[in-house]
Amino acid sequence: MHDRIFLSSPHMGGSELNYIGQAFADNYIAPVGPHIPAFEREFEAFLGQGHCVAVASGTAALHLALRLAGVGPGDEVVCSDLTFIASASPVVYQGARPVFVDADPRTWNLDLEALEAHLSARRRAGGPMPRALMLVHLYGQPCDVGAAAAICAEYGLALVEDAAESLGSLHAGRQTGTFAPLAAFSFNGNKIITCGGGGMFVAQDKAQADKARFLATQARDPAPHYQHSELGYNYRMSNLLAAVGRGQLEVLAERVEQKRALFAGYRERLGAEPWIEFMPEAPSGRANRWLTCALFGDDAHSGYRLREAVRLALEEENIESRPVWKPMHMQPVFADAPFVGPGADEELFARGLCLPSDTKMTEADLDRVCGAIRRAVKGQS
Ligand SMILES: Cc1ncc(COP(=O)(O)O)c(C=O)c1O
């Protein structure tokens, strides 16, 4: 049996152990320690703007962002429909309700025309407006954040960027996660860089970053004893994980190039085939290509059959792949949530597959994956 080829597994750069060694030498095996502010400052330098707070997960960062955006019980939050559930679950943690908006097949990101039409109809109807927009940069594809921000300004919504998958992606030459007042990144084990688990909260306003840091450390008042005037969370990143993050940040630029090279390698090998269509790149963006995604077949029905045949054949050859995210409006847990759009993302889900995008893959691994895909497709014709 061949070695397993993974979708996206941790890829250490080498200096992570040195940073961890320092933490051990100084006995900073504690939740707080010097690697945390160092990681935050280095991350700020990478982004070029904003104030960072290292937290336990991307989900925690999104939860803090919604709380700071003033989202509370009874509010509505408009959210990308084609995404991982963690974009939407913090909406519910805040007692608010998600309203899901379809994806634009040209980018796979939230359809801004559908959003604008929905908000304009809501305003004409005279009812209460949603409080915020949760905008996801899907699979590293940068959204047109400028256009989204203009819509949010017009209709009075707070904008939150879910940049969990897009670290290192650029929109109009600028890092995603730096456009909205509030944003979140993830360092989950499958992300472009990882701490094993963790996230980064980003605010453009320092006072909001300070507030997030306070809330993430149980909202402890400045007093010698433990005193709390409001409720917070245990959301801070640990010193040991920040040590890993510092080492990973040193290789981030290299990982982006490796991910993009993998995408180019797939397109070179398979791009001319009529049965496959790769996820496009947004015109004003440079995606990190966290995962190489492709659609199979011509329509939802035949594409689903082909995509499943390919997925199962890859698994048979010890190669990991995964269907594109199942849209939120199709999730049983959100069966009652409103959905805006014709359901273009249902076809992306039916036909879409995330291909192995592990930065440790070699040219021979790419050949192996593409050979298996070809055989699977041939077996179906
Ligand atoms: C789009 C998106 N949002 C949020 C998250 C949540 O991040 P975490 O797993 O670090 O909580 C993830 C990834 O896991 C994600 O892919």
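Descriptive notes on the structure:
- LYS259 vs. criteria in a helix (DSSP H, G or I) and not assigned by TED's automatic domain parsing to the domain that holds LEU138: yes
- Qualifying positions in the range 262-289 - among the aliphatic types (A, V, I, L, M), assigned to a loop (DSSP other than H, G, I, E, B) and crowded, with 17+ Cβ neighbours inside 10 Å: MET279, ALA282, ALA287
- Flag if GLY199 is touching a Leu at 6+ places or on another chain (Cβ under 9 Å) and either without any contact (Cβ under 8 Å) to a residue 60 or more places away in the chain or near the ligand (Cβ under 10 Å from one of its atoms) (or both): yes
- Within the range 124-146, residues that are on the phi > 0 side of the Ramachandran plot have Cβ atoms under 9 Å from residues that are part of a strand (DSSP E or B) and at pLDDT 95 or above in these pairs: TYR139/THR292; TYR139/CYS293; TYR139/CYS354, counting only partners at least 6 apart in sequence or on another chain.
- Some residue of the range 218-229 being in a loop (DSSP other than H, G, I, E, B) and within 16 Å of the ligand (Cβ to nearest atom): no
- For the range 163-184, the set of residues classified as in contact with a Pro (Cβ under 9 Å, 6 or more places away or on another chain), more than 16 Å from the ligand (Cβ to nearest atom) and part of a loop (DSSP other than H, G, I, E, B) consists of ALA172 only.
- Elements of type strands (runs of 3 or more DSSP E) contained in the range 58-157, each with 2 or more residues being modelled with pLDDT of 95 or more and within 12 Å of the ligand (Cβ to nearest atom): 76-80, 132-136
- Residue, nearest to SER9 (Cα to Cα), within the range 312-350, restricted to residues that are acidic (Asp, Glu) and outside any helix (DSSP H, G or I): GLU320
- Matching residues, the range 13-37, being over 11 Å from GLY247 (Cα atoms) and in contact with a Lys or Arg (Cβ under 8 Å, 6 or more places away or on another chain): PRO31, VAL32, ILE36
- Selection status of LEU353, touching a Lys or Arg at 6+ places or on another chain (Cβ under 8 Å), in contact (Cβ under 8 Å) with a residue 60 or more places away in the chain, on the phi < 0 side of the Ramachandran plot and assigned to a strand (DSSP E or B): yes
- Counted residues, the range 10-57 - those being assigned to a helix (DSSP H, G or I) and within 16 Å of the ligand (Cβ to nearest atom): 2
- Of all residues making up the range 185-196, the number that are part of a strand (DSSP E or B) and near the ligand (Cβ under 8 Å from one of its atoms): 2
- Residue match in the range 150-165 (condition: among the acidic types (Asp, Glu) and out of contact with any helix residue (DSSP H, G or I) (no Cβ under 7 Å at 6 or more places or on another chain)): yes
- Test: residue in the range 82-101 that is out of contact with any strand residue (DSSP E or B) (no Cβ under 8 Å at 6 or more places or on another chain), surrounded by fewer than 19 Cβ atoms within 10 Å (Cβ to Cβ) and aliphatic (A, V, I, L, M): yes
- Unique match (being at positive phi, touching a residue at least 24 places away in the same chain (Cβ under 8 Å) and surrounded by fewer than 20 Cβ atoms within 10 Å (Cβ to Cβ)) among GLY70, GLY74: GLY70
- Residue in the range 158-173 that is more than 26 Å from GLU42 (Cα to Cα), in contact (Cβ under 8 Å) with a residue 24 or more places away in the chain and not hydroxyl-bearing (Ser, Thr, Tyr) present: yes
- Within the range 297-308, the residues that satisfy the criterion of being farther than 14 Å from CYS370 by Cα and part of a helix (DSSP H, G or I) are ALA300, HIS301, SER302, GLY303, TYR304, ARG305, LEU306, GLU308.
The values are calculated or read from the model by the stated rules, or taken from the named source; none is laboratory data. Keep in mind it's a predicted model, so treat the numbers as computed, not measured. Note: ideal-geometry Cβ built from the backbone for every residue, glycine included; neighbour counts use all protein chains shown.
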